[in-house]
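Worksheet for the structure shown next.
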There are 2 protein chains.
Amino acid sequence: MKVQIGISNRHVHLKQEHLNILFGENYKLENIKDLNQPGQFVSSSKVTIQTEKNEFKNVRVVGPIRDYTQVEISKSDAIKLGLNPPVRDSGDLIGSSPITIVGPEGSVELEYGCIIADRHIHITPKQMELYGLVGKEKVNVLIPGEKGGIIFNVNLKVSEQSYFELHLDTDDGNAHMIKTGDIVEILEGDNNVWKFRW
Amino acid sequence: MKVQIGISNRHVHLKQEHLNILFGENYKLENIKDLNQPGQFVSSSKVTIQTEKNEFKNVRVVGPIRDYTQVEISKSDAIKLGLNPPVRDSGDLIGSSPITIVGPEGSVELEYGCIIADRHIHITPKQMELYGLVGKEKVNVLIPGEKGGIIFNVNLKVSEQSYFELHLDTDDGNAHMIKTGDIVEILEGDNNVWKFRW
């Protein structure tokens, strides 16, 4: 079945303690744009993410506050920063890359917390049933176009509070020349190409 | 069958007239490293590629001199430069993007010449026979790994003077987390997934 894409640029999620250090006590994230996932929003706050090798300024903080601080970057970003982060699901941070976050009021040196987000689809339990995906953890997705192809290892993130959407990072977006709002196809049944995996 | 990857970063090919303008009369490209394709080499010369929006400095000139001047960039580069170049085979430049090349001695404003290089495999006529590819213009290629998948529209560039190798740009390399020297697999026969193309 068809699914809409959302391309995620590098961004940061913060826990309360780190928000306070970076932006000061009593600071609140301001919602300047709702994201499609319920409750998630682009905030007006930006930070610098930094390693010994390089830095990116103006990296957006995505709200609301979470239980963990997490920096999501692409492989291209990782190369520029001199990092080798693992591909991970949100919140699965043990053993991920160290990185420093710098805000206007302070900085936080994370021992770990920097990941390359896995390719994932936000989906409800009801949609899992409706689309015949119950029991599957991952799917392959067909991307049309001149630089199209099939991407493997797309994680099904099942939650009641989900807007049905495939999230990819900017490397996947640019390599396939696709953008937020484009439509791609989840492969299932006879279209499944798991057999091609090594 | 298996094939080795070469990842190409942004680079420039120059015709004699433009070499003279950019680097001065009687300038010769110096070979500092042979590339795998016979006769092709990394030169010591670098230029800046420029648009009204942005620029990249230290872009490598790949030798030898060609009959045409061509700037090869990735989609990520294109976004930063504010360009929308087509995906093209080398030398197929009519209607491609305008760009300015700046060298130490002068600059060249190209009306067209900037492309995103197509995914392509350098292969000899003999290898085409050996691998059962005669008659095919394009193949699909399986990329292993955590961010693996299948890439479509991989152009077979048949020439007697070829080193068997798959060339991808940095976007494709980073999206799939692969690097120069990695091994991938050309899909053929029953493994062909052309049927999945839109």
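The values are calculated or read from the model by the stated rules, or taken from the named source; none is laboratory data. This is a predicted model, so every value here is computed, not measured. A quick note on method: Cβ atoms are made from the backbone with ideal geometry, for glycine too, and the neighbour counts reach across all protein chains shown. Just the protein is used for accessible areas: all its heavy atoms, side chains included, with ligands, DNA and RNA removed. Shrake-Rupley method; radii C 1.70, N 1.55, O 1.52, S 1.80 Å.
Counting every pair of alpha carbons in the protein assembly as shown, the share spaced more than 38 Å apart comes to 27 percent. Averaged over the residues of A:173-182, the number of partner chain Cβ atoms lying within 10 Å of the residue Cβ comes to 5. Solvent-accessible surface of region A:8-78, averaged per residue with a 1.4 angstrom probe and all protein chains in place: 51 square angstrom.
Sorted on the mean count of surrounding Cβ atoms within 10 Å across their residues, most packed first, peptides A:17-28, B:165-176 read B:165-176, A:17-28. Across every pair of non-identical alpha carbons in chain B, the mean reciprocal distance, once inverted, gives a Kirkwood radius of 17.7 Å. For chain A, the relative contact order comes to 27 percent (Cα pairs under 8 Å, sequence separation of at least 6). Count Lys and Arg as plus one, Asp and Glu as minus one, and take only other residues whose Cβ is under 12 Å from that of B:Thr100; the net charge is then -3.
Relative to the Cα centre, the charge distribution of chain A, modelled as +1 at Lys and Arg Cβ and -1 at Asp and Glu Cβ, gives a dipole magnitude of about 320 debye. Around the Cα centre of the protein assembly as shown, unit charges on the Cβ atoms of Lys, Arg, Asp and Glu (plus for the first two, minus for the last two) sum to a dipole of about 140 debye. If you roll a 1.4 Å probe over the protein assembly as shown with all protein chains in place, what percent of the accessible area is carbon or sulfur? It is 46 percent, rounded to a whole number.
Annotation note: trypsin sites (Lys or Arg not before Pro) in region B:93-137 located in DSSP loop regions with a Cβ neighbour count of at most 16 within 10 Å are B:Lys136.
Can you give the percent of C-alpha pairs in region A:37-84 whose distance is more than 14 Å? Roughly 57 percent, rounded to a whole number. Averaged over residues, the count of other Cβ atoms within 10 Å places the peptides A:35-43, A:71-79 in the sequence A:71-79, A:35-43, highest first. Charge dipole of region B:49-149 (Cα centre as origin; +1 on each Lys and Arg Cβ, -1 on each Asp and Glu Cβ, all else neutral): 400 debye, rounded to the nearest 20. Please identify which residues in region B:83-117 have an amide N closer than 14 Å to a label point set 7 Å out from the Cα of B:Tyr68, following the Cα→Cβ vector. It comes to B:86-98, B:111-117, nothing else. Return the value, in Å² to the nearest 100, of accessible area buried between chains B and A (probe 1.4 Å, both sides summed). Chains B and A together bury roughly 3000 Å² of accessible area.
Treating r as the C-beta distance of A:Ile94 and B:Lys126 and R0 as 56 Å, the FRET efficiency rounds to 0.60. Anisotropy class assigned to region A:56-171 is prolate, per the alpha carbon gyration tensor with a/c at or over the 1.5 cut-off and a/b larger than b/c.
Per-residue shielding of B:152-158, expressed as the average number of other chain Cβ atoms within 10 Å of the residue Cβ, stands at 2. Counting charges near B:Val59 (Lys, Arg +1; Asp, Glu -1) among other residues having Cβ under 13 Å from its Cβ returns a value of +2. Partner shielding of A:47-57 amounts to 0, given as the average count of beta-carbon atoms from other chains within 10 Å of each residue beta-carbon. Calculated [222 nm] ellipticity per residue, helices only, for chain B: -3500 deg cm²/dmol; basis is -39500 (n - 2.57) per DSSP H run with n ≥ 4, divided by all residues, nearest 500.
With R₀ fixed at 22 Å, the C-beta to C-beta distance from A:Asn54 to B:Asn54 puts the FRET efficiency at about 0.75.
In region A:1-155, a dipole from Cβ-located charges (positive for Lys and Arg, negative for Asp and Glu) runs towards its positive end, and of A:Asn20, A:Val154, A:Val87 it is A:Val154 whose Cα lies farthest in that direction. A:Thr69 contributes an accessible area of around 10 Å² to the protein surface, as traced by a 1.4 Å probe with all chains present.
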